[in-house]
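Below: one structure, written as structure tokens.
Please treat every number below as a calculation from the coordinates, not as lab data. This is a predicted model, so every value here is computed, not measured. Glycine gets a Cβ as well: all are built from the backbone with ideal geometry, and neighbour counts include every protein chain shown.
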Amino acid sequence: MKLYMIYVYFTRVTVTSVYINWSILYNKPMSELQEYQGKATMEKITSLAKRRGFVFQSSEIYGGQSGAWDYGPLGIELKNRIQAMWWKEMTRLHDNIVGLDASILMHPRTWEASGHVENFTDPLVDCKKCKSRFRADMIPEENLAAKKCPDCGGELTDTRKFNLMFKSHIGPAEDSANIIYLRPETAQGIYVNYKNIIQSNRMKIPFGIAQVGKAFRNEITTKNFIFRTCEFEQMEMQYFVKPGTDVEWFNEWRKQRWAYYEKLGVKMDHLRWHQHGADELAHYAKDAYDIQYLFPMGWRELEGVHNRTDYDLGRHSEFSGKDMQYIDQENNNERYIPYIIETSAGLTRNLLMILCDAYDEEQVAEKGNDDDWRTVLRFHPDLAPITVAILPLMKKDGLAEMAQDIRKELQDDYSTDYDQSGAIGRRYRRQDEAGTPFCVTVDYQSKEDGTVTLRFRDSMEQVRVPRQELAARLRQEIKSYKRTK
Ligand SMILES: [Zn+2]
């Protein structure tokens, strides 16, 4: 490995050493370090995410708040696009699925009915000596049996149930009559509104309700960047079906959700199904499958498809005293409590998946020359935070003005960026790292014949295009985009 490459590598990663333990990299022997070249790791993705303004640690100037993250200028654009794509897929493309935005704060009886007060717990042990806190199912069994702390060897407490819901009080009095929870899932907001929506929108079974929103879980261990956090966003769709047809719909939704990721253009060999075993099934579920993605840290859940049966609506009937039965007017007013098939995806987790999936390092040196690695995010153009960057070759001679004009023309249809500082090659690399699929360069020839250079992120190829045809050409390139690397 050439010395300067190591230098480049370190300067690249040390920028964000504030919150990443880089000692793991520093302590690697050279041979192992080389293995990282060209590969995505969580360290590199976390570093890039901060450097380019995708994701920042929450309240970083105070040392950071664990389990919480802030989405920067590129991060919010990416998140909005992922959400928009999901929303279109789940509502606009179905004539029997409607949207909802329920509140985060709900009547506390909701969580008694849903079973969360009783069952939404992790087994917890504390070390009496070093005060570390562990999930009992996450530490070695021999430690648990011997009640010995895996960190310091001190004595562990008995295992106790720890409820993952954030609890607070509403109003000035902090007594048990005023308990309020931050919702641990968005689903219940849909269930309590199911009768409202049937009445207001004349929905007939089968039908679905889709919702995107924040949920909160007091996780004992948050880790892997934005993968497991205390505050996160869910994209859920609850599909109400007649009992007896639930298995059929469950299979149908598994098929549709798999097809969705195909459409997103992610690496399909990085996706797989995982069926929940009896020990994993939630208290309400009859059957459950996860779509797992192969993240740099291994296979992890991305989305779940669950058959929640009539559990939730049945419990809400019982706890609220309101009749939650559906009346089938087309079928002799037959009454039943619908079964629910749920597709539950993490929005912020999807964003991490998209970042990992798009991340690439590519050797672009000409044969015989020194190594030259470029970092590139190969986002689908529909997801890329910036669709097109406009770069004048020089600031002077009217090139900057012409570039600004072109930007204004494109702004209405595309998200654009403008960059006039630094060597053009370096500017291209900056856009590669932000995942910008197209760059438009204005040079001296542009002034003469009205053509500009269109440069493609993935192939790094460049073609000359008449300025008037630029918008149409971009539209066509986006529509026909196929990821090749
Ligand atoms: Zn300890």
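Placing a label point 7 Å from the Cα of N201 along the Cα-to-Cβ direction, the residues of segment 81-103 with a backbone N closer than 19 Å are 83-103. Relative to one another, the C-alpha centroids of segment 256-270 and segment 405-425 are positioned 31 Å apart. For the chain, the relative contact order works out to 12 percent when only alpha carbon pairs closer than 8 Å and six or more residues apart are counted.
Annotation: Cα Rg of segment 302-440 relative to the compact-globule expectation 2.2 N^0.38 Å equals 1.85. For the chain, the Cα-based Rg and Dmax, in that order, read 26.2, 81 Å. The stretch between R335 and A278, if pulled fully straight at 0.36 nm per residue, gains 17.4 nm over its current Cα-Cα span. Toward the positive end of the charge dipole of the chain, with +1 on the Cβ of Lys and Arg and -1 on the Cβ of Asp and Glu, the farthest Cα among Q404, L313, A282 is that of Q404.
Distance between the C-alpha centres of segment 79-145 and segment 153-202: 10 Å, rounded to the whole angstrom. Within the chain, the longest segment free of exposed loop sites, counting GluC sites (Glu not before Pro) that fall outside DSSP classes H, G, I, E and B and have at most 14 other Cβ atoms within 10 Å, spans 1-173. Placing unit charges on the Cβ atoms of the charged side chains and taking the dipole of the chain about its Cα centre, the candidate lying farthest along the positive direction among I226, L470, I82 is L470. Placing unit charges on each Cβ (+1 for Lys and Arg, -1 for Asp and Glu) gives the chain a dipole about its Cα centre, and among M297, P150, V55 the Cα reaching farthest toward its positive end belongs to V55.
Of the trypsin sites (Lys or Arg not before Pro) found in segment 118-155, the ones in coil according to DSSP and having at most 14 other Cβ atoms within 10 Å of their Cβ are K128, K129, K131.
Using a Förster distance of 22 Å, how high is the FRET efficiency between K214 and T91, based on the Cβ-Cβ distance and rounded to 0.05?
Efficiency, from the Cβ-Cβ distance: 0.70.
Nearest 500 deg cm²/dmol is fine: what mean residue ellipticity at 222 nm does the chain get from its DSSP H runs of n ≥ 4 alone, each adding -39,500 (n - 2.57), divided by its residue count?
Helices in the chain give a 222 nm mean residue ellipticity of -9000 deg cm²/dmol.
Within straight-line reach of K167, meaning a Cα separation under 20 Å, sit the following lysines at least 8 residues removed in sequence or on another chain: K214.
Averaging 1/r over each pair of different alpha-carbon atoms in segment 72-171 and inverting the result gives 17.9 Å, the Kirkwood hydrodynamic radius. Neighbours of S58, meaning other residues whose beta-carbon lies under 11 angstrom from its beta-carbon, give a summed charge of -3 when Lys and Arg score +1 and Asp and Glu score -1.
Once both labels are positioned 7 Å from their Cα atoms along Cα-to-Cβ, the gap between D458 and E361 label points is 2.3 nm.
Taking the chain as the reference, fit the longest principal axis to its C-alpha atoms, fit the long axis of helix 399-411 to the helix C-alpha atoms, and give the angle between the two in degrees, 0 to 90, nearest 10. Approximately 30 degrees, to the nearest 10. The spread of Cα positions in segment 370-479, taken along each principal axis and listed from longest to shortest, comes to 35, 35, 20 Å. All other residues whose Cβ lies under 10 angstrom from that of C230 are scored, Lys and Arg at +1 and Asp and Glu at -1, for a net of 0.
Overall shape: prolate for segment 237-320, with the ratio a/c of the largest to smallest alpha carbon gyration tensor axis at 1.5 or above and a/b above b/c.
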